[in-house]
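For reference, the structure discussed in these notes is given below.
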Amino acid sequence: MKFNLSELVKIVNGYAFKSADIISDQSAYVIKIKNIQSSKILLEKDSMTAEMDGLNKYQIKFNDILISLTGSGMNQMSSAVGKVGRFRHTQKAYLNQRVAKISSLDEAKLTNDYLYYFINRPEIQKDLVSVATGSANQVNISPKIIGELSIDLPDLAEQERITNILTAFDSKIEILESINDNLLELGITYTEELLVEHEYPVSTIKSMNLTVSDHVANGSFKALKDNVEIVENSGYALFLRNTDLKADLNGDRRFVTENSYEFLKKSRLFGGEVIISNVGDVGSVYHVPYLDVPMVAGNNVVFLQSEESWLTDYLYFYFKSRIGQHDIDSITSGSAQQKFNKTDFRALEIPVIPEHDVTILTKLIDNLNSNTREIRTLMDTRDALLKKLLN
């Protein structure tokens, strides 16, 4: 039976928090549009925090479905309006403005699980983008627009059959993601304990057997503009951005053409590199996966590359640790936009653990990469089923 979504759901807009409302004790998070990533809600280190009275209406609970009401248009789908995520955290959190919570009015007609999978289909986001209003750079949707979506609703038994299949995949994905979180924490703890217990020799980054490079190492801004073509959906080489790594490469990606790849000789990636965000989201650290496609580094990141894989394995956990994050903080500047430069980064002096003590870290990274590959396979299978089951 067909319905307009407005007949079946309740939509709550977020609260317009002011700077005076924000405190720094992390008693509660304020969830912004940027926190909605790859069907999940991420709690980032720079998430605003707040604790105020009278905000019960805007409080987010475990498993709530959130949707962004503002974003880019169709030409920038990775940050498009209509992104959907499910809140899978136990921490207290509130909706920021332009983020809405959507829920079933009557679960005897429409279960929240079925609603989530329906609203999270890529086709729905494209529909919302197509009817959004605003400028070329920013578009908006309203609860009214969401409510006008048409849903062909099966009976409750069929809804449960479909969602049981899809949630089985999501449950396995969550287990693997939790294992990866624990493996990462184990590696960071091991690294920090070694550094506390031993006095290792200190070396500057620039004196190590490393290449430290980035996108702009290939030439001036004019040269980059003239020689680099960034395309959507498909291309010769993956243009690996901070936002892609944050989302574990699950989501819309950017690519460069073959001619662009030939030009970008100083920012090619092959897997195993350490990538650190050096503008905006400063200090986010990633280990580049081994993929069967050419890759280049995106904007606003630096990468560390070495023929000695054990060294980059160590540096990944080092810069993930509190000690490494303190080093990054020490060279970071800027008020409106935080950043650090390659020169200051290369001059950092850090302790270097010998290769034989890094074996455990390498094994942890191997397990992290293996789990991540399995997660991607499960996601691809789930998404194919989602398209088939909710056609």
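The values are calculated or read from the model by the stated rules, or taken from the named source; none is laboratory data. This is a predicted model, so every value here is computed, not measured. FYI the Cβ positions are ideal-geometry reconstructions off the backbone, even for glycines, and counts take in every protein chain you see. SASA here: full protein model, heavy atoms, side chains in, ligands and nucleic acids out. Shrake-Rupley method; radii C 1.70, N 1.55, O 1.52, S 1.80 Å.
What angle do you read, to the nearest 10 degrees and between 0 and 90, between the alpha-carbon axis of helix 309-320 and the longest principal axis of the chain?
Helix 309-320 sits roughly 60 degrees off the main axis of the chain.
Taking amide H positions as placed in the peptide plane 1.01 Å from N, state which residues far from residue 269 in sequence (5 or more) or on other chains have amide H under 5 Å from it.
295, 296, 297
Which whole-percent values make up P(r) of segment 93-138 when all C-alpha to C-alpha distances are grouped in 5 Å steps starting at zero?
5, 16, 17, 21, 23, 12, 4, 1, 0
How large is log10 I(q)/I(0) at q = 0.07, 0.13 Å⁻¹ when the Debye formula is applied to the Cα atoms of the chain, each weighted equally and without solvent?
-0.36, -1.21
Specify whether the C-alpha gyration tensor of segment 230-362 places it in the rounded, prolate or oblate class, a ≥ b ≥ c being the square roots of the eigenvalues: rounded for a/c under 1.5, otherwise prolate if a/b is larger than b/c and oblate if not.
Details: a/c = 1.95, a/b = 1.33, b/c = 1.47.
Since a/c reaches 1.5 but b/c is at least a/b, the shape of segment 230-362 is classed as oblate.
On the full set of protein chains, 1.4 Å probe, figure out the accessible area of residue 323 and give it in Å² to the nearest 10.
Accessible area of residue 323: about 60 Å².
Suppose R0 equals 45 Å; then what is the FRET efficiency for residue 323 and residue 127 from their Cβ-Cβ distance, rounded to the nearest 0.05? Spell out each step's value before the answer.
Working: r = 48 Å, r/R0 = 1.06.
So, using R0 = 45 Å, E works out to roughly 0.40.
Each label point is 7 Å from the Cα along the Cα-to-Cβ direction; what then is the distance between the points at residue 266 and residue 7, in nm?
Calculated label separation equals 6.2 nm.
Going by amide H atoms built from the backbone, whose H comes under 5 Å of the H on residue 71, apart from near neighbours?
So residue 71 has HN proximity to 81, 139.
Whose amide H sits under 5 Å from the amide H of residue 37, counting only residues 5 or more places off or on another chain, with H placed in the peptide plane?
Here 42 satisfy the definition.
Of 266, 225, 32, which has the largest mean-square fluctuation in a 10 Å C-alpha GNM of the chain?
Judging by the Gaussian network model, the answer is 225.
Would you be so kind as to identify which of 81, 183, 39 lies farthest towards the positive end of the dipole of segment 27-185, taking Lys and Arg as +1 and Asp and Glu as -1 on Cβ and the Cα centre as origin?
Projecting each Cα onto the dipole axis, the largest value belongs to 81.
Pairs to check: 83/222; 246/342; 101/339; 32/225. Give those whose C-alpha atoms are more than 27 Å from each other in this structure. Please report the intermediate quantities before stating the final value.
Numbers: 83/222 33 Å; 246/342 21 Å; 101/339 33 Å; 32/225 31 Å.
With Cα atoms farther than 27 Å apart: 83/222; 101/339; 32/225.
When the label point is put 7 Å from the Cα of residue 355 along its Cα-to-beta-carbon vector, which residues of segment 182-221 have a backbone N closer than 15 Å?
The answer is 209-210, whose backbone nitrogens lie closer than 15 Å to the label point.
Please determine, in degrees from 0 to 90 and to the nearest 10, the orientation of helix 156-197 with respect to the longest principal axis defined by the Cα atoms of the chain, where the helix direction is its Cα long axis.
20
Over 18 Å between Cα atoms: which of 126/387; 57/92; 61/320; 61/126 fall into that group?
Details: 126/387 14 Å; 57/92 13 Å; 61/320 29 Å; 61/126 27 Å.
Table pairs above 18 Å Cα-Cα are 61/320; 61/126.
Which value, in debye to the nearest 20, gives the size of the charge dipole of the chain about its Cα centre, when Lys and Arg are +1 and Asp and Glu are -1 at the Cβ?
Working: 42 positive and 52 negative charges, 273 e Å.
With Lys and Arg at +1 and Asp and Glu at -1, about 1320 debye.
Output ³J(HN,Hα) for segment 275-285: one whole-Hz value per residue in order, computed from phi by the Karplus curve 6.51 cos²θ - 1.76 cosθ + 1.60 with θ = phi - 60°, and x for Gly and Pro.
Running phi through 6.51 cos²θ - 1.76 cosθ + 1.60 with θ = phi - 60° gives 10, 10, 6, 10, 9, x, 7, 5, x, 6, 10 Hz.
Between residue 225 and residue 155, what FRET efficiency follows from the Cβ-Cβ distance if R0 is 45 Å, with the result rounded to 0.05?
Details: r = 56 Å, r/R0 = 1.24.
Rounded to the nearest 0.05, the efficiency is 0.20.
With the dipole of segment 307-391 worked out from charges on the C-beta (+1 for Lys and Arg, -1 for Asp and Glu) around the Cα centre, which of 372, 334, 390 lies farthest toward the positive end?
390
Just in segment 290-323: which chymotrypsin sites (Phe, Trp or Tyr not before Pro) are loop by DSSP and have at most 14 other Cβ atoms within 10 Å?
Passing both the DSSP loop test and the Cβ count: 290.
Among 107, 199, 160, which one shows the highest mean-square fluctuation when the chain is modelled as a Gaussian network with alpha-carbon springs under 10 Å?
199
If you bin the C-alpha pair distances of segment 286-328 every 10 Å from 0, what whole percents do you get?
22, 52, 23, 2
Round to the nearest 10 and give me the degree value, 0 to 90, for the angle of helix 359-389's Cα axis relative to the longest principal axis of the chain.
20
Using only DSSP helix segments of four residues or longer, with each worth -39500 (n - 2.57), what per-residue ellipticity at 222 nm results for the chain after dividing by its residue count and rounding to 500?
Details: 11 runs with 141 residues, N = 391.
-11500 deg cm²/dmol, from helical runs alone.
Heavy atoms of the protein only, probe of 1.4 Å, neighbouring chains included. What is the accessible area of residue 301 in Å², nearest 10?
Only protein atoms counted, so the area is about 0 Å².
Size of the dipole of segment 240-304 about the Cα centre, Lys and Arg at +1 and Asp and Glu at -1 on the beta carbon, nothing else charged, in debye to 20? Working shown, then result.
Values: 7 positive and 8 negative charges, 36 e Å.
Using Cβ point charges on Lys, Arg, Asp and Glu, segment 240-304 gives about 180 debye.
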